[in-house]
Amino acid sequence: MVKYRSLDETFAALADPTRRAILERLRRGDCNVTELAQPFAISLPAISKHLRVLERAGLIRQEKQGRVRRCCLCAGPMHAALSWIDRYRDFWSDKLDALADYFEQGKHEEEQT
């Protein structure tokens, strides 16, 4: 059973494009906060706020090495989110297939008239 509080935090963290870009960067490997902040036109404190949201959701882990904070990706919460989405995949596939059939049927009826 997926814990819905952590699921809510995961989806809330993933809702922001900056945080998704940070996760994409971390997918390629660990890096420090300054490296993560480099491509963004926002302040280092703003990046730190994004990192706290990601850490609270369990999507990243930060470790201090001397004066440098290194971040790494933790994919577990994304697996939980994917599991939750998968439970609804069949439902939505069936609904979308039925909708496509409906439009195809209407298109076919228009061609016959």
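Would you mention how many residues in the range 36-48 are loosely packed, with under 14 Cβ neighbours inside 10 Å and either closer than 22 Å to Thr10 by Cβ or of a type in the set (D, E, K, R) (or both)? Here the count works out to 1. Checking the stated criteria, Ile85 turns out not to satisfy the condition of being in contact (Cβ under 8 Å) with a residue 12 or more places away in the chain, part of a helix (DSSP H, G or I), among the β-branched types (Val, Ile, Thr) and closer than 30 Å to Arg28 by Cα. So for the range 51-60 (the condition being part of a helix (DSSP H, G or I), more than 22 Å from Thr10 (Cβ to Cβ) and without any contact (Cβ under 8 Å) to a residue 12 or more places away in the chain), does at least one residue qualify? No, every residue in the range 51-60 fails to be part of a helix (DSSP H, G or I), more than 22 Å from Thr10 (Cβ to Cβ) and without any contact (Cβ under 8 Å) to a residue 12 or more places away in the chain.
Here the range 64-95 is the region considered, the condition is being out of contact with any Phe, Trp or Tyr (no Cβ under 7 Å at 6 or more places or on another chain) and of a type in the set (Gly, Ala, Ser), and the residue that is surrounded by the most Cβ atoms within 10 Å (Cβ to Cβ) is Ala80. Mind checking whether some residue in the range 63-72 is aliphatic (A, V, I, L, M) and part of a helix (DSSP H, G or I)? Taking every residue of the range 63-72 in turn, none turns out to be aliphatic (A, V, I, L, M) and part of a helix (DSSP H, G or I).
Among the residues examined, Ala13 does not qualify as among the hydrophobic types (A, V, I, L, M, F, W, C), out of contact with any Ser or Thr (no Cβ under 7 Å at 6 or more places or on another chain), surrounded by 11 or more Cβ atoms within 10 Å (Cβ to Cβ) and without any contact (Cβ under 8 Å) to a residue 12 or more places away in the chain.
Residues considered: Asp16, Asp30. Of these, the only one that is in contact with a His (Cβ under 8 Å, 6 or more places away or on another chain) and among the charged types (D, E, K, R) is Asp16.
Here Arg28, Arg61, Arg56 are screened, and the one residue that is exposed (fewer than 13 other Cβ atoms within 10 Å of the Cβ), under 23 Å from Ala80 (Cβ atoms) and among the charged types (D, E, K, R) is Arg28.
The set of residues from the range 19-44 being farther than 13 Å from Gln62 by Cβ and assigned to a loop (DSSP other than H, G, I, E, B) comprises Arg28, Gly29, Gln38, Pro39, Phe40, Ala41, Ile42, Ser43.
Each reported figure results from applying straightforward, stated rules to the coordinates on display, with no laboratory input. Note that the structure is a prediction, hence the values are computed from the model and not measured. Because the Cβ atoms are built from the backbone with ideal geometry, glycine has one as well, and the counts that use them run over all protein chains shown.
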